[in-house]
1. Considering only the range 318-338, I want to know if a residue exists there that is out of contact with any Phe, Trp or Tyr (no Cβ under 8 Å at 6 or more places or on another chain), more than 24 Å from residue 418 (Cβ to Cβ) and open to solvent by 60 Å² or more (accessible area, probe 1.4 Å).
2. Looking at the range 404-427, which of the residues that are of a type in the set (A, V, I, L, M, F, W, C) and in contact with a helix residue (DSSP H, G or I) (Cβ under 8 Å, 6 or more places away or on another chain) is surrounded by the most Cβ atoms within 10 Å (Cβ to Cβ)?
3. Does residue 468 meet the test of being at pLDDT 85 or above and of a type in the set (Asp, Glu)?
4. Only residues in the range 380-404 that are over 17 Å from residue 456 (Cα atoms) count as the first member; pair them with residues that are part of a loop (DSSP other than H, G, I, E, B), Cβ under 6 angstrom, at least 6 apart or cross-chain, and list the lot.
5. Going by the structure shown, is residue 249 assigned to a helix (DSSP H, G or I) and under 27 Å from residue 187 (Cα atoms)?
6. Could you pull out the residue among 282, 306, 263 that is hydroxyl-bearing (Ser, Thr, Tyr) and surrounded by fewer than 15 Cβ atoms within 10 Å (Cβ to Cβ)?
7. Going by what's in this entry, would residue 193 be described as open to solvent by 30 Å² or more (accessible area, probe 1.4 Å) and either at pLDDT 80 or above or closer than 15 Å to residue 449 by Cα (or both)?
8. Is there a residue being outside any helix (DSSP H, G or I), at pLDDT 85 or above and more than 24 Å from the chain's Cα centre (by Cα) anywhere in the range 393-412?
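The values are calculated or read from the model by the stated rules, or taken from the named source; none is laboratory data. Because the structure is predicted, anything quoted here is derived from the model rather than measured. Note: ideal-geometry Cβ built from the backbone for every residue, glycine included; neighbour counts use all protein chains shown. Surface areas here come from the heavy atoms of the whole protein model, side chains and all, with no ligands, DNA or RNA. Shrake-Rupley method; radii C 1.70, N 1.55, O 1.52, S 1.80 Å.
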Amino acid sequence: MPCWFAAKLVTAGRASMLTQAFLSQIVARMLTQAFLSQIVARLFLSLLSMALTAPSRHDKQGSNETTLSNLPCYAEHGFGVEPFNATLFNKWVMEGKAPALPESLKPYRKLLSLVIKAVFITGRAEDQRSATATNLSNVGYHIWERLILKEPSYLGKPSVEYKSNERKKLEKNGYSIIGNIESYLMNGGNGYYSYTKNSHYQKTGINVVNGMVSEEIGEKLDINNFSSSSNSFRLADLGCSVGPNTFPAMQNILDVVQHKYQSKGLASKIPEFQVFFNDQDSNDFNTLFTSMAKERQYYAAGVQWSFYDRLFPQSFLHFVNSSFAFHWLSRVPEELLDKNSPAWNKGRIHYTNASDAVVDAYAAQFTKDMEAGVMFDCLGSCLNDMAKEGLLSEDQVDSFNIPIYAPSPMEITELVERNGCFSIERLELTNFQTEDDAKVDVRACVMHIRAGFEWIISKNFGNDIIDDLFNRLLKKVKESFHLVQSSYKGGTQLSVVLKRK
């Protein structure tokens, strides 16, 4: 049974920076099984944040939840099928058996070889210090400058507040943040600024390509071959976020598959469906699953970790979908943070209107991940204004870059051909809105940007500036909103359908 994997990406190329810069979180959706060879099985992983510091200059580089894996613990309890049991989880922590994540252990060792010290910041409680320290040492993290655990005063408070405060303490002690390896999350919950309430543009983008999905499944799915080999149809949505858009996207796929069976007179052989909802382990899965319809035609499970690692066993999935996710890079290109590099991105937060070296660094990181505009310009301008007013430091702005890249159709084609495992069944440039949709609303655009990027901004600048920053952004975007509106006259998202060879 061939595997399918699907995606939609923002149109790229340096001529279309206006489009890709605007709402880059609403430009990706793939209907292809393209890069399953790079998707690894890790769910509900690691607790520790790892801050890496240079002893001479006290530089600090942080990474979020990338050190230890809790996969064995969750494997014993159905990967989230059983309700979370804090007592059993704390028992697991105290046993100190969590394995290291090789993706973090390797750079940790490399940085130690460069005489860089490590500081670990974890959400674990202080009474778990001994078990945590022993666990770290046993799996290869032998040396660190400090191990910071969560004090009782932070209990019940958001992780962002705790870790931000601890990082500020490190800065006051002479450390300067030069970069972060973080999870990139949409705003959780159902509040006014949540992704749930501010993802209409993503929804319309998904609706635009539903027809393409239906056509490709109807034409290419070999149900005769499938029916003889399995009684379950397994599909995954990579980068599902907190909902609600993932649900109709998955339901559309199920409806088309069911219709194909019925049209062939095979209604009695329609398989059972299982949907795996994947996102970073810090994603608000509570909101996702509590908003899921109780009456549904599929079994549901959460799969937590980055889709740039392997998530599933070989030949396990039949269909993979990803909407507005693959333009997120796994990390900010390192060259952007090096003041001695041609790609040092001083005064900017993205590659729009930047030098060729900056654009090339973004493109190179995107290629590694796969083998593995105007709105952002306005946002960067607001941050620079706040730095000039003394509300932020210039170094903070210079070290902040948005890890998003919008590939061109040619780049996607080259990557697929280089991979060699998939054929391109369909590749189209489409608009995320139909002609019947209302004109783009400036306030709605800024709200969508806030829902998608508030997390990463607050991680770098703290929570205190958020309201002021987005009020400034609203004013600035209004002044040049005609440019944003004009960017939607051409194709703004790249829809790709790949089939496993």
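1. no
2. Kept after step one, since they are of a type in the set (A, V, I, L, M, F, W, C), are these residues of the range 404-427: 404, 406, 410, 412, 415-416, 421-422, 424, 427.
Next, only the ones that are in contact with a helix residue (DSSP H, G or I) (Cβ under 8 Å, 6 or more places away or on another chain) stay: 404, 406, 415, 421-422, 424, 427.
Numbers: 404: 25, 406: 27, 415: 18, 421: 16, 422: 25, 424: 16, 427: 15.
In this case the residue turns out to be 406.
3. Here the answer is yes, as residue 468 does meet what is asked.
4. Every condition considered, the pairs that remain are 386/392.
5. Yes.
6. 263
7. Details: open to solvent by 30 Å² or more (accessible area, probe 1.4 Å): yes; either at pLDDT 80 or above or closer than 15 Å to residue 449 by Cα (or both): yes.
Here the answer is yes, as residue 193 does meet what is asked.
8. yes
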